[in-house]
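Notes follow the structure.
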Amino acid sequence: MAEPTAQVKLKISYFSTIFFDILTRSLHFVKRMIRKAVFVGSYYKLEEIPADRAQVAFGGRSNVGKSSLLNGLVGQKKLARISKTPGRTQAINFFLIDDRYYFVDLPGYGFANAPHEKREEWGRLVDAYLNTATQLRGLIFLLDCRREPNEDDLMLLDWIEKKDVEFLPVLTKADKLSRSQIAKKRDELGKVLKVLPVPFSTISGIGVTEILKWIDKRVSR
């Protein structure tokens, strides 16, 4: 195999520099967007929930990858607890972001490993929060890219549309599908949701910057 010429090497070096610069700028943006994230508390009663700052809620079925998304957005591995057991998030969890606003981790629905009575209790708490949260600026609607929206997903979507809440659909576990499969799924769901979803992967980091930009725009109003 022939050795690359000096001109080819120069071009490779040039484009490598450009790529590195773009990557650095992107990482810098992410770091600048969130400098500090602190767990505030878990709440089981509506009257205990903080209401002093803007809030962005995260909702989706159990085991959709909500904790992984939260950790990925703030650049921490253990801010939100990750469990392989669906339904471990049983309260509404608040995280203070840069002393400016809250991430609100809502209990997952659909596959929670708990008695029916307990699941109904969580449902009432979440419903009450969504109907009374005056500081709610937007909702991150998580969907597993490998699965079709189920009845619970469609119920949450119906609530979002009725309340006219701004939302961003996020396709989690995007690394599990090929680029063409993700693109197809994104287009299909975009027609149903009327909003183009953002693919997210904890492995590649895809989607982080786009999601953070969307959040920052809502909480800065």
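Looking at K77, K118, K84, which one is modelled with pLDDT under 85 and in a helix (DSSP H, G or I)?
K118
Has region 93-107 got any residue that is in the same structural domain as T172 (by TED's automatic domain parsing), at pLDDT below 90 and not hydroxyl-bearing (S, T, Y)?
Looking through region 93-107, at least one residue is in the same structural domain as T172 (by TED's automatic domain parsing), at pLDDT below 90 and not hydroxyl-bearing (S, T, Y).
What is the number of the single condition among (1) modelled with pLDDT of 90 or more; (2) within 28 Å of K45 (Cβ to Cβ) that D127 does not meet?
(1)
Go through G205, G138 for me and flag whichever is at pLDDT below 95, within 16 Å of the chain's Cα centre (by Cα) and of a type outside the set (A, V, I, L, M).
Every option except G205 fails the conditions.
Report every pair of residues separated by at least 6 positions or lying on different chains whose Cβ atoms are under 6 Å apart, first residue within region 202-221 and in the same structural domain as L139 (by TED's automatic domain parsing), second surrounded by fewer than 17 Cβ atoms within 10 Å (Cβ to Cβ) and of a type in the set (S, T, N, Q).
T209/S26
Would you call F111 touching a Leu at 6+ places or on another chain (Cβ under 9 Å) and either in the same structural domain as E47 (by TED's automatic domain parsing) or modelled with pLDDT under 85 (or both)?
It is false that F111 is touching a Leu at 6+ places or on another chain (Cβ under 9 Å) and either in the same structural domain as E47 (by TED's automatic domain parsing) or modelled with pLDDT under 85 (or both).
Can you tell me which residues in region 34-69 are among the polar types (S, T, N, Q) and in contact with a Pro (Cβ under 9 Å, 6 or more places away or on another chain)?
S62, N63
Could you list all residues from region 152-180 that are free of Cβ contacts under 8 Å to residues at least 24 places away in the same chain and either more than 21 Å from A57 (Cβ to Cβ) or of a type in the set (D, E, K, R) (or both)?
Listed by number, the residues that qualify are D158, E161, K162, D164, S178, R179, S180.
Show the residue pairs meeting these rules: Cβ distance below 7 Å; 6+ apart or different chains; first residue within region 83-102 and over 13 Å from D52 (Cα atoms); second residue assigned to a loop (DSSP other than H, G, I, E, B) and modelled with pLDDT under 50.
Matching pairs, first to second residue: P86/A112; G87/A112.
Select from region 141-154 the residues that are in a helix (DSSP H, G or I) and surrounded by 14 or more Cβ atoms within 10 Å (Cβ to Cβ) and write down the one among them that is modelled with the lowest pLDDT.
D152
Please enumerate the residues belonging to region 52-70 that are modelled with pLDDT under 95 and small (G, A, S).
G59, G60, S62, G65, S67, S68
The values are calculated or read from the model by the stated rules, or taken from the named source; none is laboratory data. All values derive from a computational prediction rather than experimental measurement. In this analysis, Cβ positions are derived from the backbone assuming ideal geometry, glycine residues included, and neighbour counts consider all displayed protein chains.
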